[in-house]
Amino acid sequence: MTDTAVKVDDLWKVFGPKASKIPGSPDGALSREELRDKTGCVAAVKDVSFEVKRGEVFVVMGLSGSGKSTLVRCLTRLIEPTAGRVVIDDHDVLKMSESSLRRLRRNHVAMVFQHFGLLPHRRVIDNIAYGLEVRGVGRKDRHARASEILDLVGLTGNAMSYPDQLSGGMQQRVGLGRALAVDPSLLLFDEPFSALDPLIRRDMQNEVIRLHHEVRKTMIFITHDLQEALKLGDRILIMRDGEVVQVGTPDEVVGAPADGYVRDFVSEVPKSHVLTLKWVMRPPSDGDALDGPELPPTTVVQKAARLVLDSDKPIKVVEDGRLLGIVTDEDILRVIVAEDTVQESGAA
Amino acid sequence: MSVDTTAPAPPGPATKEQQPPPVDDGPDRRWWFVAGVLAILVVLSFPLRGVATLPLARSDLTDFQTWLGELSDKLENARDSSAILRGLDKISTVIENVAVFLQELISQPAFPRPVPEIGWLGVLAVATWIALAVAGWRMAVLTGVSFALFGMLGYWTDSMDTLVVTFMAVAICLVIGIPIGIWMGRSSRATAVITPVLDGLQTLPSFVYLLPITLFFSIGVAAAVIVTLIYALPPVIRITAHGIRSVSTETIEAMQSAGTSRSQMLRKVQLPMARRTIIVGVNQTIMAALSMATIAAFVDGPGLGKPVIKALESLDVGRAATAGLCLVIMAIMLDRVTTAASERSVAIPTDRAKRTRVIVLAVGAVVAVACVILSRRQLNLAEFPDKPDLGTPFAKLADNVSSFFTDNLSGLTNGIKDALTYGLLNPLQTLLAQSPWWLVAATLLALSVLISGIRSLLTSIVCIGVLLGTGLWQDSMVTLTMTLVATILTMVLALVLGVWMAQSRAVDLSIRPILDAAQVVPPFVYLVPAIALFGATRFTAIVAAMVYASPVAIKLVCDAIRGVSPTVVEAAQSAGSNRWQIITKVQLPMARKGIALATNQGMLYVFSMVVIGGLVGAGALGYLVVAGFSQNELYGKGLAAGIAIVALAIMLDRMAQGSSARRKPAGNKSRSKWARISQLVG
Ligand SMILES: Nc1ncnc2c1ncn2[C@@H]1O[C@H](COP(=O)(O)OP(=O)(O)O)[C@@H](O)[C@H]1O
Ligand SMILES: [Mg+2]
């Protein structure tokens, strides 16, 4: 097995008449509006390529309508892609037969949905065991496994409830449990927490982080919420109108937005929480004192702030014994003050 | 839930439709054109009165009608040579055998016994037990009391016969309908093929199902079961499909992404999630079947319909009312029990409740079996005793009420009757039936284009051509007149009550149960009070039609007004509108589509009743159908009248639909108007 969990190449999904003609044709280069006006087709996903490493949390972010749901559904062909290639665990998904596709969905990939998609006529335990049931696991075994999962997702004691007796957050725990129960190698999330209240959303995000630490699964996580993306993502893919705008780590996205669209997105982010020293340091010039404390470049600005401000000498950013740059009070304050102005103008 | 089935047009599935966006483009110019066309008709009708009206005397036959009359004989002769006809014969024989078996079981003497296999006590006990099992003890009590009343009112045998026909038809309906519904729910192609057929079937008045049946089947219990099942099939198909389809896409996707196969999807996801809806569909089917099983008395179907028809024909109000009461009791019982069963089907019992239930049911079963055995042994438990007799006093009471009205309030009833007859009915009838046919036809064509667009022109031309072809133009115009008058009156009533209900919770809470109950009563029954008040006239049919069509129209109007976005109403309030201004400037205009839909539905219900009204002096097409049943030489004319009714129904429906839904652009094909009659279920 390679180190790549998912590989997507030139993936297209076009809705509408004669959709298959669009990818690769001159029409494919048109913007979404132009294409719709000209052909009546909507290019929901447009020539998208990316790779997800094993064990990584890969976040896809974009405004509503940007094609995120379509993209994630194309991965397991819940929506049939129009063109391109999807490789999961070295299997070419688009070439799979109906039955091997079903095997893939039963054993390797599980998905969590925005509105949970639970079966109201089944108890929590049978909802969680559903994936095992369709796989043909016997009743006793699957209930044993489902009970473990109940504990894992924090639903101990709710096994015999019906979904609509639970709160939204708990229902989504069931959804999460159902996905984890089949022990998949890849977890897909389509805006799983968008329907939840902010406080519960934060709990659930922490829950995902915890689970990721515990089970170390590869995750592809869809969201329209940048905070969530920054919090969870090892890397973030930003989409607009079906196209990839930028792929990068959180600090890359915030520190070096690829264009105005991304800049708008990240303008409200408290940068000091995301940016690392790598993004604020500058090369040392002649007059600088080089005997201050040392920090690695991956330190988040907010964490470094105290040390920098307390020290009367610049901080040295050092990696593997090599001096990369220095950070002074001024560099730190620039990030924090910029944030304040953003917040003020936001409040005005 | 509310139920609506006894109609030619049981409601479609319980889609929660989005309220159409508030488009208020002001008074539409086309309505000026409509007024203009009508004015031209009125002006021209005066000089041309009595010209080219295409009358046809009652006993006269056109060639086409004679040909239709012989069709039956021709089919009879072809019977031996045609495999299809022989197949139909076989079906009919099987159905008849089963029906006779069931009748001998509970209603008719089982030779050599002088009584059925199971006497009244046994039947009552078993029925009560079934109600207990599916719907709880309250419904068991209701069922037991209802069965006892059938007997005490003096219609035990007829009631049991009606139940036999109804349940045979329902059983076959479910066996055929649920699989078709499932197929339709899972395949958009099937939907595209089946939906128009169902739309068509549900547009037709129940009455016209009867005659063609007699072409292919000999009259009797088999014909009754078959016509009942055809009539009751659309609701179960539609609602099953709807139930399957209304499982959310996200749930389907969630299940697919867990690797669910197609058959697993059906068994583990779609069917369980649609179960509640399907049970609602069973309720609708039972109610539709009951109403048709009654009317099937015209094809010699056994049961309560026969005494009702006989009493209506001889204007015997007392007997008609008693038999009618049995039907009402039966309708309410069936509706309540199936509704309770559907509610129970989603309830989650505790373990203790489950255990108690098993014990109660076991004990109940023993009692029921004991009752069955007893009722086989003892004659007085087999044949319903003459006493206590509630039937005779009730009939007397009904007679007295009727004569009280005719004796003391005839001034009032006649006043209403005369005012509407001379003020509205007669002038309109003169206009439509006494004007030259080409003038009226041209007007109808112009209206159909103006109201529902150029595409309806072809339908209207064909329908008018068919009306002319049947040779029954003038009769059709008389029926049309009654339909229009009753529809206008119904809509006036519906607007007043509907708006009132929409404004006040309290009013809604007190009126809605009455409307719900009124909707389960077989339409036939409404003729009884109408005839008691107004005697046998055209007006009687109009009153019955109003009573029959009002509940559905009122509910649709009320729900349409309710559906107006509360934000808009709030905005209007905060702009200082008073209540009347809110109703007239905001709610009614914004509910326009819903009101148009109510008119469409109301008109179809009215039409169906006006046709049946032929039985009580309404004359015209309905009378011809009735005459076709009773007089052999008029059979062909009755069939022709049936065809005319179909043409008229389709034309009216198209026009009314056009006014409510100027076809939206493609993309919501599946949302036929039936899908929009959402509020009536659930
Ligand atoms: N079944 C479909 N048919 C036609 N257009 C669709 C369909 N599904 C999605 N789209 C269109 O594709 C675009 C992307 O949709 P979606 O993937 O749901 O976006 P997101 O999840 O980012 O909000 C939207 O413009 C949407 O209208
Ligand atoms: Mg989405």
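The values are calculated or read from the model by the stated rules, or taken from the named source; none is laboratory data. The structure displayed is predicted, hence computed values, not measured ones. For neighbour counting, all protein chains shown are included, and Cβ atoms are generated from backbone atoms with ideal geometry for every residue, glycine included. Just the protein is used for accessible areas: all its heavy atoms, side chains included, with ligands, DNA and RNA removed. Shrake-Rupley method; radii C 1.70, N 1.55, O 1.52, S 1.80 Å.
Counting residues in segment A:101-114 that are within 16 Å of ligand 2 (Cβ to nearest atom) and on the phi > 0 side of the Ramachandran plot gives zero. The conditions of being under 35 Å from the mean Cα position of the chain (by Cα) and surrounded by fewer than 14 Cβ atoms within 10 Å (Cβ to Cβ) are met by B:Asn408.
For A:Val57, the criteria (1) more than 16 Å from ligand 1 (Cβ to nearest atom); (2) hydrophobic (A, V, I, L, M, F, W, C); (3) farther than 25 Å from A:Asp264 by Cα hold in every case but one, which is (3).
Looking at the structure I just gave you, is B:Trp473 among the aromatic types (Phe, Trp, Tyr) and open to solvent by 50 Å² or more (accessible area, probe 1.4 Å)? No.
B:Gly220 fulfils the conditions (1) of a type outside the set (Lys, Arg); (2) within 14 Å of another protein chain (Cβ to nearest Cβ); (3) on the phi > 0 side of the Ramachandran plot except for a single criterion, (2).
Note on segment B:59-95: among residues that are among the β-branched types (Val, Ile, Thr) and open to solvent by 40 Å² or more (accessible area, probe 1.4 Å), the one that is modelled with the lowest pLDDT is B:Thr66.
When residues in segment B:253-264 are screened for being more than 7 Å from chain A (Cβ to nearest Cβ) and surrounded by 17 or more Cβ atoms within 10 Å (Cβ to Cβ), 1 of them pass.
Among the residues here, B:Lys310 does not qualify as of a type in the set (Lys, Arg), within 11 Å of chain A (Cβ to nearest Cβ) and assigned to a helix (DSSP H, G or I). Here B:Ile309 does not fit the description of being outside the structural domain of B:Asp335 (by TED's automatic domain parsing) and either over 22 Å from B:Val227 (Cα atoms) or crowded, with 23+ Cβ neighbours inside 10 Å (or both). For the residues B:Ala133, B:Ala99, B:Ala140, B:Ala127, the requirement of being in contact with a Phe, Trp or Tyr (Cβ under 6 Å, 6 or more places away or on another chain), modelled with pLDDT of 80 or more and closer than 30 Å to B:Ile332 by Cβ singles out B:Ala127. In segment A:2-15, of all residues being under 21 Å from the mean Cα position of the chain (by Cα) and open to solvent by less than 20 Å² (accessible area, probe 1.4 Å), the one that is nearest to ligand 1 (Cβ to nearest atom) corresponds to A:Leu11.
Is it the case, given these coordinates, that B:Ile286 is assigned to a helix (DSSP H, G or I), more than 14 Å from chain A (Cβ to nearest Cβ) and more than 27 Å from B:Leu68 (Cβ to Cβ)? Yes, satisfied.
Within the option set B:Arg267, B:Arg276, being within 14 Å of chain A (Cβ to nearest Cβ), more than 19 Å from the chain's Cα centre (by Cα), part of a helix (DSSP H, G or I) and touching a residue at least 40 places away in the same chain (Cβ under 8 Å) holds for one residue only, B:Arg276.
List the helices (runs of 4 or more DSSP H) that sit entirely inside segment B:96-193 and contain at least 3 residues that are open to solvent by 60 Å² or more (accessible area, probe 1.4 Å), under 25 Å from B:Asn283 (Cα atoms) and assigned by TED's automatic domain parsing to the domain that holds B:Gly281.
B:156-186
Report yes if some residue within segment B:267-276 is open to solvent by less than 10 Å² (accessible area, probe 1.4 Å) and assigned by TED's automatic domain parsing to the domain that holds B:Cys173; otherwise report no. Yes: one or more hits. Counting only strands (runs of 3 or more DSSP E) that sit wholly inside segment A:186-266, those with at least 1 residues that are touching a residue at least 40 places away in the same chain (Cβ under 8 Å), among the hydroxyl-bearing types (Ser, Thr, Tyr) and within 16 Å of ligand 1 (Cβ to nearest atom) are A:218-223. Within segment A:72-90, can you find the residues that are within 14 Å of chain B (Cβ to nearest Cβ) and either within 12 Å of ligand 1 (Cβ to nearest atom) or open to solvent by 20 Å² or more (accessible area, probe 1.4 Å) (or both)? Within segment A:72-90, A:Val72, A:Arg73, A:Cys74, A:Arg77, A:Leu78, A:Ile79, A:Glu80 meet the criteria. Here is a check on your reading of the model: is A:Gly117 in contact (Cβ under 8 Å) with a residue 40 or more places away in the chain and away from every other protein chain (no Cβ under 14 Å)? In short, no. Hey, can you tell me all the residues within segment A:16-64 that are open to solvent by 50 Å² or more (accessible area, probe 1.4 Å) and within 16 Å of ligand 2 (Cβ to nearest atom)? If the condition is that a residue be open to solvent by 50 Å² or more (accessible area, probe 1.4 Å) and within 16 Å of ligand 2 (Cβ to nearest atom), then A:Leu63, A:Ser64 are the ones that fit. Out of A:Gly169, A:Gly157, A:Gly136, one residue alone is out of contact with any Ser or Thr (no Cβ under 9 Å at 6 or more places or on another chain) and within 12 Å of chain B (Cβ to nearest Cβ). It is A:Gly136. Only one entry in B:Leu361, B:Leu381 is in contact (Cβ under 8 Å) with a residue 24 or more places away in the chain and either open to solvent by 70 Å² or more (accessible area, probe 1.4 Å) or in contact with a Ser or Thr (Cβ under 7 Å, 6 or more places away or on another chain) (or both), namely B:Leu381.
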